[in-house]
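Just below is one structure, and these are the notes that go with it.
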Amino acid sequence: DAKTTQPTSMDCAEGRAANLPCNHSTISGNEYVYWYRQIHSQGPQYIIHGLKNNETNEMASLIITEDRKSSTLILPHATLRDTAVYYCIVNGGSNYKLTFGKGTLLTVNP
Amino acid sequence: DTGVSQDPRHKITKRGQNVTFRCDPISEHNRLYWYRQTLGQGPEFLTYFQNEAQLEKSRLLSDRFSAERPKGSFSTLEIQRTEQGDSAMYLCASSLVSGGAKDEQYFGPGTRLTVT
């Protein structure tokens, strides 16, 4: 699976949009981009995934560049409860196992 | 609550003892995964099952570790002769694999193991 690069930490003001970047320059054609988050002391939570088109669900939007070498997770109106570690994962293997990096610690401030 | 439950939530044991953890996945999910997470790191894949068949094991899973999923429902992870390095959060996840679309994994709350 392709390696991903994320900033170690980011801050966001409550009510503002949080934009979390991820680089995955070695992604191959059949690999998906997944985002999970982990709130302190809980198991990871699935957020969204995409292949090449932008995706949106009730939690977030995923913007994937045309060359698929990077993506951005957007939380449109961040709340204090969105404070968590956000993991960007590229996965294309047939066994679907997830390879987590260290992720980005997003802190939403009041 | 994702619908995946794990028991116990916390376990303290002495070095050399055996421990067993249980995971109950979402009932219709056919895949079940075990991950391990140490402090400050992301979860690391240990093993996974498709129904009752164990299809892949990580090199992290030494021969002191064994996992089962009888009848393709709940799963157990046993660690024999625990070592202090086994102290970690053990996470279980499940997913429904159908067709070509990728499926998301739903994680349980984890079992935190402390080996003294």
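The values are calculated or read from the model by the stated rules, or taken from the named source; none is laboratory data. All of these numbers come straight from a predicted model, not from anything done at the bench. Note that we place each Cβ from the backbone using ideal geometry, even for glycine, and neighbour counts take in every protein chain shown. Just the protein is used for accessible areas: all its heavy atoms, side chains included, with ligands, DNA and RNA removed. Shrake-Rupley method; radii C 1.70, N 1.55, O 1.52, S 1.80 Å.
Do we have B:Gln37 as open to solvent by 20 Å² or more (accessible area, probe 1.4 Å), within 11 Å of chain A (Cβ to nearest Cβ) and in contact with a Pro (Cβ under 8 Å, 6 or more places away or on another chain) here?
yes
Limited to region B:48-65, what total is found for residues that are among the polar types (S, T, N, Q), more than 14 Å from B:Ser95 (Cβ to Cβ) and either within 11 Å of chain A (Cβ to nearest Cβ) or open to solvent by less than 50 Å² (accessible area, probe 1.4 Å) (or both)? Lay out the reasoning, then the answer.
First, pick out the residues of region B:48-65 that are among the polar types (S, T, N, Q): B:50-51, B:54, B:58, B:62.
Remaining after also requiring more than 14 Å from B:Ser95 (Cβ to Cβ): B:54, B:58, B:62.
Now restrict to residues that are either within 11 Å of chain A (Cβ to nearest Cβ) or open to solvent by less than 50 Å² (accessible area, probe 1.4 Å) (or both): B:58, B:62.
Within region B:48-65, residues that are among the polar types (S, T, N, Q), more than 14 Å from B:Ser95 (Cβ to Cβ) and either within 11 Å of chain A (Cβ to nearest Cβ) or open to solvent by less than 50 Å² (accessible area, probe 1.4 Å) (or both) number 2.
Being at the interface with chain A (Cβ under 10 Å from one of its Cβ atoms), modelled with pLDDT of 95 or more and either assigned to a loop (DSSP other than H, G, I, E, B) or open to solvent by less than 10 Å² (accessible area, probe 1.4 Å) (or both) is the filter here; which residues of region B:102-114 pass it? Talk me through it step by step, then tell me what you get.
So the first thing to find is which residues in region B:102-114 are at the interface with chain A (Cβ under 10 Å from one of its Cβ atoms), and the list is B:102-110, B:112.
From the residues that got through so far, the ones that are modelled with pLDDT of 95 or more too are B:107-110, B:112.
Hits for region B:102-114 are B:Phe107, B:Gly108, B:Pro109, B:Gly110.
Would you check which residues across region B:67-77 are open to solvent by 50 Å² or more (accessible area, probe 1.4 Å) and either touching a Phe, Trp or Tyr at 6+ places or on another chain (Cβ under 9 Å) or over 18 Å from B:Phe107 (Cα atoms) (or both) and list them?
Passing the criteria: B:Glu68, B:Pro70, B:Lys71.
Hey, among A:Ser70, A:Ser9, A:Ser28, A:Ser61, which residue is among the hydroxyl-bearing types (Ser, Thr, Tyr) and at pLDDT below 95?
Values: A:Ser70 fails: at pLDDT below 95; A:Ser9 fails: at pLDDT below 95; A:Ser61 fails: at pLDDT below 95.
Of A:Ser70, A:Ser9, A:Ser28, A:Ser61, the one residue that is among the hydroxyl-bearing types (Ser, Thr, Tyr) and at pLDDT below 95 is A:Ser28.
Do you know which of the residues in region A:97-110 that are surrounded by fewer than 19 Cβ atoms within 10 Å (Cβ to Cβ) and within 27 Å of B:Ser94 (Cβ to Cβ) is farthest from the other protein chains (Cβ to nearest Cβ)?
Keep residues of region A:97-110 that are surrounded by fewer than 19 Cβ atoms within 10 Å (Cβ to Cβ), which gives A:99, A:101-102, A:105, A:107, A:109-110.
Restricting the remaining residues to those that are within 27 Å of B:Ser94 (Cβ to Cβ) gives A:99, A:101-102, A:105.
Numbers: A:Thr99: 7, A:Gly101: 6, A:Lys102: 6, A:Leu105: 10 Å.
Checked region A:97-110; the qualifying residue farthest from the other protein chains (Cβ to nearest Cβ) is A:Leu105.
Restricted to region B:8-19, and to residues that are loosely packed, with under 15 Cβ neighbours inside 10 Å and not aliphatic (A, V, I, L, M), which residue is farthest from the other protein chains (Cβ to nearest Cβ)? Break it down stepwise before answering.
If we filter region B:8-19 for residues that are loosely packed, with under 15 Cβ neighbours inside 10 Å, which is where we start, we get B:8-10, B:12, B:14-18.
This time we only want the ones that are not aliphatic (A, V, I, L, M), so: B:8-10, B:14-18.
Details: B:Pro8: 15, B:Arg9: 10, B:His10: 11, B:Lys14: 24, B:Arg15: 24, B:Gly16: 28, B:Gln17: 24, B:Asn18: 24 Å.
Checked region B:8-19; the qualifying residue farthest from the other protein chains (Cβ to nearest Cβ) is B:Gly16.
Is it the case that region B:79-101 has a residue that's within 11 Å of chain A (Cβ to nearest Cβ) and without any contact (Cβ under 8 Å) to a residue 24 or more places away in the chain?
yes
Name the residues in region B:1-53 that are touching a residue at least 60 places away in the same chain (Cβ under 8 Å), basic (Lys, Arg) and within 15 Å of A:Gly43 (Cα to Cα), would you?
B:Arg9
Name every residue in region A:58-78 that is open to solvent by 50 Å² or more (accessible area, probe 1.4 Å) and within 17 Å of B:Glu104 (Cα to Cα), in order of residue number.
A:Glu58, A:Met59
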